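For reference, the structure discussed in these notes is given below.
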Amino acid sequence: MTSSPAGALISTSQLGHAYGDIVALHHLDFTVPAGRIGLVGANGAGKSTLIKVLLGILDPTEGTAQVLGIGVADDPIAVRARVGYMPEETCLPLAQTAADFTVYAAELAGIPTKAARQRASDVLTLVGLHEERFRYLGEFSTGMKQRAMLAQAIVHDPDLVFLDEPTAGLDPEGRAEMLSLIGRLGEFGINVLVSSHVLTDIESTCDWVVMLDGGRVLRTGPLTGITGSDTVDVELLGDGHDVIAALQKRGAEVEVRGAVLRVRSTDDAFDLIRDALAEAGAGMKRLSQSETSLEDIFLAEGGAE
């Protein structure tokens, strides 16, 4: 029986998956806490494959994975009983109404029929489909279909829901509405893993990020740490060689951008810069918090969409 770190929402150890000779996931080692998790990467980075492995739909070629403290290989049914899933592909029964489909999804999860009907009504109201609940899914727009897929993923009140590209195909208004819905799921005690290649969507909804590139973990951690709350730009007066040496001696990462130094540190970057300037006897023209986005990091560390 496998075990996961205490309090971990998801954890993997040397997890890999291959489609024949094509390796989709390479030795993934990461642990994420409860909350709203962003799984980011370019198309083909392995995001959908990872979700399917975590659901027990695909068997790993090597390594292990735990979801909600349960070894996926040990008991995939127990995992799926506590997890919701909104796939990337639209797979709705177009000849059914939204109400009938959502009730059916609730009954599949073991909810009695009467309770399933009430639960379906509540969830369709939550996702903004109350007025359309008796319309056939085949008559729905793309945005309405996405809402129906979200409804079936959460109708059984899961502990965790996997959302694979939930804003795909949506116009700007529909995208904003879907992201707002995702942000509200935490109010109902539902943890969320959002898979997307649209990095701004992750920045607006998530607390923690797992970044994949070519089936490998590029970086993982809290969003604020990854996007550089500890990153500061300083524009120097004169030569910066001695300042750079003083910063590096203190454990800071320094990137030279012309006359500007971008300084990253696990400590307070402002204090490190102050001390380094004093040691080097140098002056500065400008000092500011750096606004680093997920896209900046992804492109800098090896990914490209």
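The values are calculated or read from the model by the stated rules, or taken from the named source; none is laboratory data. It should be emphasised that the depicted structure is a prediction, and the values quoted were computed from it without experimental measurement. A quick note on method: Cβ atoms are made from the backbone with ideal geometry, for glycine too, and the neighbour counts reach across all protein chains shown.
Scanning segment 56-77 for residues that are on the phi > 0 side of the Ramachandran plot and either touching a strand residue (DSSP E or B) at 6+ places or on another chain (Cβ under 8 Å) or surrounded by fewer than 17 Cβ atoms within 10 Å (Cβ to Cβ) (or both) returns Gly63, Leu68, Gly69.
Confirm whether Gly41 is assigned by TED's automatic domain parsing to the domain that holds Ser204 and over 18 Å from the mean Cα position of the chain (by Cα). Judged against the criteria, Gly41 is not a match.
Here Thr142, Thr125 are screened, and the one residue that is assigned by TED's automatic domain parsing to the domain that holds Glu187, more than 16 Å from Val103 (Cα to Cα) and among the hydroxyl-bearing types (Ser, Thr, Tyr) is Thr142.
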